[in-house]
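The values are calculated or read from the model by the stated rules, or taken from the named source; none is laboratory data. Quick caveat: nothing in here was measured; it's all calculated off a predicted structure. We place every Cβ from the backbone using ideal geometry, glycine too, and count neighbours over all the protein chains shown.
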Amino acid sequence: MKKLMLALLVVTMLLSLFPGIGLAGPSAVVPKLYLNGEQLKSEVEPQMIKGMYTVVPIRIVSESIGYEVEWNQASKLVTIHNGNDEIILQIDDSSALVNQSPVQMDVPAIVQNGVTLIPLRFVGEQLGLKVEWDQQTKSVYLTQEVQDNPAEPEEEQTEEPDKPEQTEDSGSGTSSAGGTVTSVAVDDEGAIVLAYRGEVEPDKPFKLDNPQRIVLDLPDADFAPELLDAPDKALSLPDHPYAGQVRYSLFANDPPAVRLVFDLTADAGIKLENGDGQLRIVLTDPAQSEAWEPDPDDKEPEQQPVVPDKPYTVVIDAGHGGEDPGAKGVNGNWESELNLSLSLKVKELLDQEPYITPLLSRPEDKYVTLPGRVAFAEQNGADLFVSIHGNSDPKGTATGTETYYTRDDSRAFAEAVHKELAAATGLKDRGVRKQSLHVTRETTMPAILLETGFLSNPSDVEVLFDEEAQYRMAEAIVAGIKHYLNLP
Ligand code: ZN
């Protein structure tokens with residue numbers, strides 16, 4: 001549903017906006033391409049076809065949002081897929097197959113220097129990306145729709161430990177969940193019974209407080225379509241001794257995972273009986289419960305700080321700069337200013353730390369390429385890399401702080417800094433996220449990218465451009481770095 005509405009929106013926008021590029025003449029403008037606020041650099045730039053259709057390199061876009069792209073040289077077919085959707089394109093042909101249904105593109109997919117380019121409008125519609133054109137900077141902004149979990153109210157999301165998203169998977173073109181849940185019901189003993197096809201093996205359950213809940217995840221499982229489309233993914237449990245209702249949702253897409261949340265009315269344990277295409281879940285006396293997933297907060301005992309033999313080198317990377325100003329704030333200021341101002345404050349504080357040598361990849365308002373930033377960190381033998389950014393959302397409603405990493409060896413660092421930063425901005429905690437971004441992917445040391453807040457949101461902007469708040473954020477980033485390095 002979302003995609004159809006999005007498609008209409010995109011069509012309207014393209015009709016009103018893209019003739020603007022055409023008027024400038026076919027050779028005048030090479031549009032810059034941004035995804036989630038990051039400029040995407042490809043060997044072949046986005047370009048205009050027939051003076052009015054923008055085509056963009058598809059591999060860099062789709063891989064950055066978790067799709068896999070396969071190229072068959074013999075048949076000249078490009079297959080783009082994740083666990084849910086599959087798009088097949090034929091080079092020099094304007095008709096595409098989206099989940100087996102034909103969809104017509106404005107112009108055919110083309111190959112230049114080994115890079116496949118396809119029409120921007122099709123990219124937006126089929127990959128669920130919002131498309132915006134900024135006339136002033138001649139930039140195309142693609143923004144991934146934020147996926148809200150339908151069964152989980154927004155405020156609760158950050159409390160529940162996140163599963164690491166895995167972007168590499170099966171490689172086969174079709175949905176590849178190990179199991180598919182076909183029904184959710186309550187039996188006459190008050191147990192929840194899930195029927196499924198294939199194999200379903202639940203993770204250990206865990207408990208959450210305020211309000212009391214039990215969460216049970218089924219990794220590598222999805223829902224049959226009739227369940228997925230059901231408007232209300234909850235079963236109420238009237239007169240149940242331990243729970244008022246159970247909610248269920250598709251918690252992750254790629255690979256898929258199902259999550260069940262029991263809203264408790266009394267402290268409870270959980271027992272699972274699994275086999276023969278059926279998972280039966282009984283809430284019990286807490287003393288009779290299955291083993292729980294250990295509380296992540298209990299895992300790491302406080303370590304004694306360690307004085308290192310030599311200082312750690314930490315690269316602070318102020319995003320964008322010079323001819324690339326990044327996102328525009330609703331107050332008229334640009335993201336590149338924010339990034340630099342905050343980076344300089346982090347540097348100022350780190351300069352006072354005896355065991356850290358901070359280096360700035362962009363100490364002033366000038367353009368540095370993404371590979372240039374990576375090379376700077378590598379050449380200086382950096383131990384850590386922190387890229388500082390501000391976020392943007394075309395609707396202007398999104399708010400909050402998020403932290404990105406790409407390689408698994410960066411996750412703990414991302415968590416250490418995010419925890420401090422999110423508390424310091426005081427904005428909504430949007431969590432730590434795994435995504436393929438150039439600087440966090442191509443570097444070899446633990447590397448993270450901070451999206452401090454949304455420049456498109458007036459109340460976020462008030463925080464982001466406030467000097468005092470910037471010092472608070474800088475202190476938080478320093479605290480996260482020191483905590484991760486276990487420094488005194
Ligand atoms: Zn940015």
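Tell me, yes or no, whether the stretch 289-309 has at least one residue that is over 32 Å from the mean Cα position of the chain (by Cα), over 29 Å from T452 (Cβ atoms), surrounded by 12 or more Cβ atoms within 10 Å (Cβ to Cβ) and not polar (S, T, N, Q).
yes
List the helices (runs of 4 or more DSSP H) that sit entirely inside the stretch 329-448 and contain at least 2 residues that are more than 19 Å from L142 (Cα to Cα) and within 15 Å of the ligand (Cβ to nearest atom).
Passing ranges, in order: 335-350.
Within the stretch 32-142, considering only strands (runs of 3 or more DSSP E) that don't extend past its boundaries, which have at least 1 residues that are of a type outside the set (F, W, Y), away from the ligand (no atom under 16 Å from the Cβ) and within 24 Å of the chain's Cα centre (by Cα)?
It comes to 53-57, 68-72, 77-81, 86-90, 95-98, 115-119, 129-134.
If only one of E468, E462 is more than 23 Å from L33 (Cβ to Cβ), touching a helix residue (DSSP H, G or I) at 6+ places or on another chain (Cβ under 9 Å) and modelled with pLDDT of 95 or more, which one is it?
Criteria check complete, one pass: E462.
For the list (1) crowded, with 19+ Cβ neighbours inside 10 Å; (2) modelled with pLDDT under 80; (3) within 23 Å of T403 (Cα to Cα); (4) not aliphatic (A, V, I, L, M), I need the number of the one condition that Q157 fails.
Q157 satisfies every listed condition except (1).
Could you pull out the residue among D298, D309 that is modelled with pLDDT of 85 or more, out of contact with any Pro (no Cβ under 8 Å at 6 or more places or on another chain) and outside any strand (DSSP E or B)?
Sole residue among the options that is modelled with pLDDT of 85 or more, out of contact with any Pro (no Cβ under 8 Å at 6 or more places or on another chain) and outside any strand (DSSP E or B): D309.
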